[in-house]
Amino acid sequence: MKYQIVIAGFGGQGVVFLVKVLAICAGNRDIPFLGTENHGMSQRGGAVSCDIKIGDFTNPVIDKNQANLIIGLDSNESLRNIAFLKSGGTMVANAKSDYPKIPFNTAIVDANTKAINEEFPIQGLNVYMLGTALASVEDFPFSVDEVKKAITQMNAKVAEQNMKILDMAIENIKKED
Amino acid sequence: MKQTLMGNDAIAWGLIHANVDMVSGYPGTPSSEILAGVQKIKRELNLDTYAEWGTNEKVGFEVAYAGAIAGKRTCATMKQVGLNVASDSLMSASYIGNLGGMLLVAADDPGFFSSQTEQDSRVFAKFARIPVLDPSTPQDAYDLTKFGVDLSQEFQIPVMLRPVMRVCHAREIIEMDDETHYNPNKGEFVRDVPRWGAVPRGQRFDQGVSQLERMDIIAEYNWEKFLKPQFEKCNGGKLLIIASGTGDGFVRETLKDLELEADIVKVIMPYPLPVEKIKENFKDYDKVLVMEEPYPCVEEQIADPKVYGKNTGTTHKIDEMKKEEILKAFQKIDFYNGANIYEAPKIDLGFDVPARPPALCPGCPHRDVYYAIMKVFKKKKSIYPSDIGCYTLGIAQGAIDSLLCMGGSVAMASGYSIADPDKQVVATIGDGTFFHSGIPPLLNAIYQGHRFVLVILDNSTVAMTGRQTTPQREHQAIDIKKIVEGMGIECLEHHYSHEMQDNIDFFRDVKTKYENNTTGPTVVVVREFCILDQERAPDFVPNIFVKVDEELCVACDQCTTVYKCPPMAYNEDGKIEIDPFLCAGCAGCLDVVCPTDAFIIDENYLKKGK
C-alpha cells in the first residue's frame, strides 16, 4: 500500500492528534509510515498541517500533486493545501455550503455549525472530521474498528467520547447517502 | 522492540540506551523535545539521570562537557543558532577532548521554519574539527545517537549529531533495544593540568597537532565503516549520487517516482571525509551529483570537475529539500527529460485564500502590553527593538522594528539610543531571553549610561519552544526585579491587567520616569502568564467571553491591525465577528481597543463552563 494524507488546520484544532491516530493504525498493522508536522512558529490559531505517508517511503514530506487525501479541519486551510492533492484524490473539509467547486472528489461538512448547535463538543472537531473521512473516502486505508482501537490507545480517558463523535460523523454521512 | 517515535524521542531513547546520564542544553525548535524526552524516560523508568535546561546554550554545553571530562557519557542539545552561542566552548573543547563521551546535538532548520538563519551545523563541525553524523530518518537518529556517544568515547572528542527538522519532527516505527540496561559511567575527575588547563602556546599547539591526526584517523574509519561497503556495491554508469542525511531519503523516492536508476552512496558522517578514496570512485561515472542540505558541505570537500551540486547551480541553494528540486537537478544534468510530476495543476478558486500568519495566541497578555506600549510611546517618535520568543509575534501588531538574535534587543537599544537620540527607544525582551543573554548588555547600558526603556515580559516560562521552565519558576529567590536592582537601578514592576486602561496608565508613568531619567536605562518588569500554561493561567484569565455588537462596529480595522487577536475577522456582512471556538475569555479587548465599543460581553458563552 502507498497512501499519502495531508491534515490541515490551525493550532489548537488537534491536527497532530489525528496524525498520531493514523500512525498507530499503521503501526498496529505493521505497515511502515513516515509522518511530519509543518507548524513553523505558530501557536494557538496559526496554520498547522501534518503529512503522513503510509507504505514504503523514505522521506516524510508530501510533495505537490501527490496526496491521496486532504482532511481540512478548516475551510481556508484545506484550500491553502490544495496543491498537494493529486488528480483523483479526495478533499474532506469542514466548510460551509459556499465551498468552491474543485476538480477532486469532495466531502464537505459544516462541522462548526454542528458544534455551535452542541451536537458535539468543539474539542472533538478533529475526530468528527476523521469519521467523515472514514465514511466518505472509498480507499481510506483503515477500517472503523482499526481507528477506534487507535483512538483508545492514544488516550483511553477520552476514548468513549471520541468514539461517540466518530460514530456520529459516520452516521451523518450515511444519512446523506 | 518496535515503537512509533518522533525523531527527537528516538534521540532521547538513543541517549538512554548509550548510557548517557547527563543531558543539558537550551530549548530551541526543532531540538526541544530531545531533553524533554530524556526527562520523560527518566520519570517513567525511575532513572538517576541529570536532564536539566541550562540558562543558555553555552552554559548547557559546558555542564555536559565537564561531565565528559570527568568520564561520564553526556549530551548537550540545542538548535543551530544556539550552537553560535555555545561555539566559544566548542572550539576549545575540540582541542582538549574528553575521557567519557559527549554527543553535541545541533538541530538544523533548513527552510527557516522557526529560525532566523539557515546555517549548516555540519559546516560548524568541520570548522571546529569534530566528527559530525547526519541522520536521514528517526531510525537513523536513534542508531547514530548510540554510535556517536561510542565514537566520542573511543576517540576522546565531542561528536556532533546534526538532525534537520524533517528528522527531529518526523515520525516512524523505530526498531530499538528490547530492554534498557542502564549502566552509566561513574564520574571521576582525573587531574591532568597540561590537558584540561592547556595554556598557549606549547600545550595548545600539541593539542592542535593531535586534533589534525585524529581527524585523519576518523576519516579512515569513516571509509572502512560507512563508505567502502557502499562503494563496493556500486555498478558504475552515467550518474553517482552522493547524498547526506535527508538527501538520501528524498533522492531515493524521486528515483522511484521517475522510474530511474542510479548508484547512491549515503554519507552518514559528512566530516571528516576520506576525500581521495571517494574521488577514486568517480572514474566509473560520467557525473557525480551531491544532494545535501542546506549548505554545500560535502560538495566542497569532494570538489571535482565531475561533481555537480549547489556550487554549479545544479541543485537549489536555499530552502529545504524537495523532490521537485531533485527532479529539476536531474533535468539540468540531462539525467531526466520527462515532465515535472510534482507540479500542481492550476486551480482558479475565484478568490485569494487568506493566509493565517503566525500570531500571538488568543488571550496572550503580550498583545495587550504591546498595545499599551504603542498607545503611550507613539510609533512616529519611537524605535521598538525586540528579541527572540513568542513575543516576537508582536511584529504582526507593528510593535517591533528590529530583531537580531537571542538577547540582542538590549544592546541594540543602546546602539539606537546613541545613533538616533531624538527617538525614544523602547525594547522588549522575555524573561527566558533576559536570563539567556540579556543581563550582560543591561550591565553595559547602566555602565555607559544609555537612555532607553527596557520592558521585560515575564511570563515565567520559555513559551515558544513548549513552555520549559525559567530559573525563577523553580527558585523564586531568582527574581528579575532583584537582579535589576542588584545592578544599582530601580526596576518598575507592573502586574498585567485584563483592563487595558490599567496597562496604559502604567506605561504613562514609565514614560514620565524615562523622560526624567537622564543617567541610564529605565527598566520595567511586567508580570504576565502564558495562556497555555495550565499551572498559572487559570489564576489570571477572567473567563469573560466577548462578542460584537454589529450595530456599533464601523469596520475601522483597529482591532484587526493594531490588536490582532486571531478570533477577530470580518464576516459576510462586513462586520467583525469573534470566532467563539478561538476566544480565550481574556476580556482584553473589552476596554479601549474598539473606538466605538463594539466588543461586548457574551453572557451566553459562560454556560460552556470553561
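Data overview
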| read-out | value |
| --- | --- |
| Subset of region B:495-532 (residues that are part of a strand (DSSP E or B) and either aromatic (Phe, Trp, Tyr) or surrounded by fewer than 21 Cβ atoms within 10 Å (Cβ to Cβ) (or both)) | B:495, B:527 |
| Residue count for region B:244-260, restricted to those that are at the interface with another protein chain (Cβ under 9 Å from one of its Cβ atoms) and not in a helix (DSSP H, G or I) | 0 |
| Helices (runs of 4 or more DSSP H) (entirely within region B:115-220) containing at least 1 residues that are more than 30 Å from residue A:20 (Cβ to Cβ), touching a residue at least 40 places away in the same chain (Cβ under 8 Å) and aromatic (Phe, Trp, Tyr) | B:121-128, B:138-155, B:193-196 |
| Subset tally (residues that are open to solvent by 70 Å² or more (accessible area, probe 1.4 Å) and assigned to a loop (DSSP other than H, G, I, E, B)) for region B:533-547 | 2 |
| Boolean, residue A:108 is in contact with a strand residue (DSSP E or B) (Cβ under 6 Å, 6 or more places away or on another chain), open to solvent by 20 Å² or more (accessible area, probe 1.4 Å) and either outside any strand (DSSP E or B) or more than 10 Å from every other protein chain (Cβ to nearest Cβ) (or both) | yes |
| Of residues in region B:383-426 being over 22 Å from the mean Cα position of the chain (by Cα) and part of a helix (DSSP H, G or I), the one surrounded by the most Cβ atoms within 10 Å (Cβ to Cβ) | B:413 |
| Qualifying residues in region A:41-74 (those that are among the β-branched types (Val, Ile, Thr) and touching a residue at least 40 places away in the same chain (Cβ under 8 Å)) - the one farthest from the other protein chains (Cβ to nearest Cβ) | A:71 |
| Given (1) without any contact (Cβ under 8 Å) to a residue 60 or more places away in the chain; (2) open to solvent by less than 30 Å² (accessible area, probe 1.4 Å), number of the condition residue B:582 does not satisfy | (1) |
| Test result for residue B:569, in a strand (DSSP E or B) and within 14 Å of another protein chain (Cβ to nearest Cβ) | yes |
| Positions within region B:14-28 being surrounded by 24 or more Cβ atoms within 10 Å (Cβ to Cβ) and part of a helix (DSSP H, G or I), in sequence order | B:14, B:15, B:16 |
| Verdict on residue B:370 being aromatic (Phe, Trp, Tyr) and closer than 30 Å to residue A:63 by Cβ | no |
| Restricting region A:43-78 to residues that are among the hydrophobic types (A, V, I, L, M, F, W, C) and open to solvent by 10 Å² or more (accessible area, probe 1.4 Å), the residue that is nearest to residue B:349 (Cα to Cα) | A:47 |
| Members of region A:19-40 found to be without any contact (Cβ under 8 Å) to a residue 12 or more places away in the chain and more than 7 Å from every other protein chain (Cβ to nearest Cβ), listed by number | A:30 |
| In region B:134-153, residue nearest to the other protein chains (Cβ to nearest Cβ) [restricted to those that are surrounded by fewer than 24 Cβ atoms within 10 Å (Cβ to Cβ) and more than 22 Å from residue B:322 (Cα to Cα)] | B:143 |
| Hey, residue B:368 more than 14 Å from every other protein chain (Cβ to nearest Cβ) and over 30 Å from residue B:458 (Cα atoms) or not | no |
| Single residue of B:8, B:19, B:46 found to be in contact (Cβ under 8 Å) with a residue 12 or more places away in the chain and at positive phi | B:19 |
| When residues of region B:248-261 are limited to those that are in contact with a helix residue (DSSP H, G or I) (Cβ under 8 Å, 6 or more places away or on another chain) and open to solvent by less than 30 Å² (accessible area, probe 1.4 Å), the one nearest to residue B:229 (Cα to Cα) | B:251 |
| Those residues of region B:225-243 which are among the aliphatic types (A, V, I, L, M) and outside any helix (DSSP H, G or I), in sequence order | B:239, B:240, B:241, B:242, B:243 |
| One residue from B:461, B:428 being touching a helix residue (DSSP H, G or I) at 6+ places or on another chain (Cβ under 9 Å), within 21 Å of residue B:381 (Cα to Cα) and among the hydroxyl-bearing types (Ser, Thr, Tyr) | B:428 |
| Where residue B:358 falls short, out of the listed (1) within 14 Å of chain A (Cβ to nearest Cβ); (2) touching a helix residue (DSSP H, G or I) at 6+ places or on another chain (Cβ under 6 Å); (3) more than 25 Å from residue B:141 (Cα to Cα); (4) in contact (Cβ under 8 Å) with a residue 40 or more places away in the chain | (4) |
| Exclusive hit being under 30 Å from residue A:77 (Cβ atoms), surrounded by fewer than 16 Cβ atoms within 10 Å (Cβ to Cβ) and touching a residue at least 12 places away in the same chain (Cβ under 8 Å), set B:304, B:352, B:286, B:319 | B:319 |
| Filter result (under 15 Å from the mean Cα position of the chain (by Cα) and either in a strand (DSSP E or B) or within 11 Å of another protein chain (Cβ to nearest Cβ) (or both)) within region A:81-104 | A:81, A:82, A:84, A:85, A:89, A:90, A:91, A:92, A:93, A:94 |
| Residue identified as more than 14 Å from chain A (Cβ to nearest Cβ) and either surrounded by fewer than 20 Cβ atoms within 10 Å (Cβ to Cβ) or under 18 Å from the mean Cα position of the chain (by Cα) (or both) among B:76, B:128, B:93 | B:76 |
| Out of B:391, B:336, sole residue that is in contact with a helix residue (DSSP H, G or I) (Cβ under 6 Å, 6 or more places away or on another chain) and away from chain A (no Cβ under 14 Å) | B:336 |
| Where a residue in region B:252-268 is modelled with pLDDT of 95 or more and its partner, wherever it lies, is open to solvent by less than 30 Å² (accessible area, probe 1.4 Å) and of a type in the set (D, E, K, R), with Cβ under 7 Å and at least six apart | B:253/B:323; B:254/B:323; B:257/B:323; B:264/B:248; B:266/B:248; B:267/B:134; B:268/B:134 |
| Near pairs, Cβ below 6 angstrom, 6+ apart or cross-chain, from region B:516-539 (touching a residue at least 12 places away in the same chain (Cβ under 8 Å)) to any residue that is hydroxyl-bearing (Ser, Thr, Tyr) and in a helix (DSSP H, G or I) | B:522/B:514 |
| Residue B:156, sole failed condition from (1) within 25 Å of residue B:195 (Cβ to Cβ); (2) crowded, with 24+ Cβ neighbours inside 10 Å | (2) |
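The values are calculated or read from the model by the stated rules, or taken from the named source; none is laboratory data. In this text, all values refer to a predicted model and were calculated from it rather than measured experimentally. Here the Cβ is made from the backbone with ideal geometry for all residues, glycine too, and neighbour counts use every protein chain on show. These area figures cover heavy atoms from the full protein model, side chains too; ligands, DNA and RNA do not enter into them. Shrake-Rupley method; radii C 1.70, N 1.55, O 1.52, S 1.80 Å.
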